[in-house]
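*Asks:* My questions will all concern the structure given below.
The values are calculated or read from the model by the stated rules, or taken from the named source; none is laboratory data. Given the structure is predicted, the values throughout are model-derived calculations rather than measurements. As a convention, Cβ positions derive from the backbone with ideal geometry for all residues, glycine included, and neighbour counts pool all protein chains shown. These accessible areas exclude ligands, DNA and RNA; they are computed on the full protein's heavy atoms, side chains included. Shrake-Rupley method; radii C 1.70, N 1.55, O 1.52, S 1.80 Å.
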Amino acid sequence: MRMIISPAKKMRTDPDGLAAVGLPRFRDKAERVKQALQRLTAEELPFIVGVDATPPALDAMEEGALKGTVQNDAAGQARALVELACALACEGIQYRYMAPGVFERGEYAFLQEHLRILSGFYGVLRPLDGVVPYRLEMQAKLSVDGCRDLYDFWGGRLAGELAAETDLILNLASR
């Protein structure tokens, strides 16, 4: 069984806490989304990502998704630029009630096995995958690689990934 939820609109940028133990599976696709975001003008960006156009909001967006998702370390291994475990970086109501900040080891293992986070930026995330804080909802009208929006860009890839893991999916994501 896999439970799926959405990422929160607000993410913590403080790297304190549990370090990420993995990387997003679709890093190459996330890079394509990042490149599409980088092509947007300063006027278009707030409209697409759903933040106001004030300098602090734009700075926060640039510090996250626009700066990059992963890079290679000195040994050539890919790593998240900011090693925040996704479930701990998200600050939405479902994450507060889940309270992953007070989990014990076995609870993290259960969460890692059974929970997936569907992201417009990263695709499918495991709770302990390292992410750069970002704000990009799946319904954003962002054209990537000739696709009209993120639903079209991700297509059946996310459902296929989930179906390969399990035959039972509990959808707790927003519509």
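*Asks:* Quote the FRET efficiency, to the nearest 0.05, computed for L40 versus F110 with a Förster distance R0 of 25 Å and r equal to the Cβ-Cβ distance.
*Replies:* Once rounded, the FRET efficiency stands at 0.05.
*Asks:* Heavy atoms only, probe 1.4 angstrom, no DNA, RNA or ligands counted: give me S119, S6 ranked by accessible area, highest first.
*Replies:* S6, S119
*Asks:* Which distance in nm do the two modelled labels at F47 and D145 give, with both placed 7 Å along the Cα-to-Cβ direction?
*Replies:* For F47 paired with D145, the spin-label model returns 2.5 nm.
*Asks:* Another question, if that's okay. Averaged across orientations, what area in nm² does the convex hull of the alpha carbons in the range 80-155 project?
*Replies:* Average of the hull's projected areas for the range 80-155 equals 5.7 nm².
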